[in-house]
1. In segment 82-116, how many residues are at pLDDT 85 or above, of a type in the set (A, V, I, L, M, F, W, C) and open to solvent by less than 60 Å² (accessible area, probe 1.4 Å)?
2. What is the residue count in segment 243-290 for residues that are in a helix (DSSP H, G or I), of a type in the set (S, T, N, Q) and surrounded by fewer than 24 Cβ atoms within 10 Å (Cβ to Cβ)?
3. What are the residues in segment 291-323 that are part of a loop (DSSP other than H, G, I, E, B) and under 30 Å from Asp243 (Cβ atoms), if any?
4. Looking at Pro341 and the list (1) in contact with a Gly (Cβ under 8 Å, 6 or more places away or on another chain); (2) in a helix (DSSP H, G or I), which single condition is not satisfied?
5. Within segment 188-199, track down each residue that is open to solvent by less than 10 Å² (accessible area, probe 1.4 Å) and either in a strand (DSSP E or B) or touching a Ser or Thr at 6+ places or on another chain (Cβ under 8 Å) (or both).
6. In segment 74-107, what residues are farther than 13 Å from Ile133 by Cβ and of a type in the set (Val, Ile, Thr)?
7. Note down all Cβ pairs under 8 Å where the first residue falls in segment 10-30 and is within 21 Å of Arg41 (Cβ to Cβ) and surrounded by fewer than 19 Cβ atoms within 10 Å (Cβ to Cβ), the second is at pLDDT 85 or above and of a type in the set (Lys, Arg), and they're at least six residues apart or on different chains.
8. Among (1) touching a Leu at 6+ places or on another chain (Cβ under 8 Å); (2) exposed (fewer than 13 other Cβ atoms within 10 Å of the Cβ), where does Ala343 come up short?
Amino acid sequence: MPRNDARGGHTRGPSIRDVARLAEVSAQTVSRVSTGSDAVRPETRDRVLRAMEQLGYSPNHAARALRDGRFGSIGLLAHRFDRTGESMITDAVLRAAQAEGYGVTLVTVEDAAHDGWTPAANRLRHQTVDGLIIIRSEGHSTEQLALPPGMPVAVSDSRVHGVYPCVVSDELGSQRMAVEHLLELGHRTVHYVAGPADSEPARLRRAGWHTALVQAGAEVPEPYVGDWTADSGFAGGTALAADPSVTAIACANDETAFGVLAALHEAGRHVPDDVSVIGFDDVSLSRFTQPPLTTVKQHFTAIGNELFRLVVDQIGQPRSAEIPDVTVPTALIRRESTAAPRAGA
């Protein structure tokens, strides 16, 4: 138990022996519970956990690291944690890590356009992490990163297929599906507000849009290049709203689509009567727009869970010749922002 000395000074917190005494088990059993061992009966584990909580006991992870070479922490590397996809994947990783007793160290890439990934990855050499998750290494080829040798890693970036364990959505195929939905409604072509040119997901989504139009024999209009934001969507939507021949607009993500919807409303063009609009991601706000947004649903929680699982499965294991590659399925969510064009349009 915690004790104070005669001068009121703190000497130590509760020890593993204090927990063992209260739970009426051995210190070895407490240690097994602390390290997540399966060799403990559920009722015994619950008793030990209750004793830990009652005493305020926290396992000494530093000592465990010295003993078995593990720190109980995962590094998470991204350029922009504030963007929708990154934030939702990060939330899923944090929840998965908490459930498994892991901490997460976040490392931000300050300048993705000028090889900011390498110094960010190098900083992890001095962090007490057991593995690394990388979210979208935009502006850089992930396979060139100077990662710590032998570090378990999982990446959400389609460019590393066959190089690192990878978890992605089929972004090209999903955007193609979205454009095909608009063409099947009877639109002659689909205009596009794209994501930034240095983004791999944006490149794949733009390729999906282009492929769908070419395969359908439809005209391929010049896309408006944005930056994932509603502001760039508003700018692109304003330009497209001025063209009365535009009847359908696909967007690189939902936030871009929100801007497009606002621009069309301001220009007096009604959705979907005058122009159909489709997004990508299915963020929580997409069903509350006016009208509710048709979009492609990405399962960000599943992506985060898979990234965490891939890293943890590698910890303490010899490097395998097989490199896991997980594609998380998407789905077209039909709402009220898409419809057949008016007769004669």
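The values are calculated or read from the model by the stated rules, or taken from the named source; none is laboratory data. What you see is a predicted model; the values in this text were computed from it and never measured. Cβ placement follows ideal geometry from the backbone for every residue including glycine, while neighbour counts extend to all protein chains displayed. Ligands, DNA and RNA are stripped out before the accessible areas are found, and what is left, the full protein with its side chains, is counted by its heavy atoms. Shrake-Rupley method; radii C 1.70, N 1.55, O 1.52, S 1.80 Å.
1. 6
2. Residues flagged as in a helix (DSSP H, G or I), of a type in the set (S, T, N, Q) and surrounded by fewer than 24 Cβ atoms within 10 Å (Cβ to Cβ) within segment 243-290 amount to 2.
3. Pro291, Pro292, Leu293, Gln298
4. Among (1) in contact with a Gly (Cβ under 8 Å, 6 or more places away or on another chain); (2) in a helix (DSSP H, G or I), the lone unmet condition for Pro341 is (2).
5. Answer for segment 188-199, where residues must be open to solvent by less than 10 Å² (accessible area, probe 1.4 Å) and either in a strand (DSSP E or B) or touching a Ser or Thr at 6+ places or on another chain (Cβ under 8 Å) (or both): Tyr192, Val193, Ala194, Gly195.
6. Answer for segment 74-107, where residues must be farther than 13 Å from Ile133 by Cβ and of a type in the set (Val, Ile, Thr): just Thr84.
7. Once the first residue is within 21 Å of Arg41 (Cβ to Cβ) and surrounded by fewer than 19 Cβ atoms within 10 Å (Cβ to Cβ) and sits in segment 10-30, its partners that are at pLDDT 85 or above and of a type in the set (Lys, Arg) give Glu24/Arg47; Ala27/Arg17.
8. With respect to (1) touching a Leu at 6+ places or on another chain (Cβ under 8 Å); (2) exposed (fewer than 13 other Cβ atoms within 10 Å of the Cβ), Ala343 is out only on (1).
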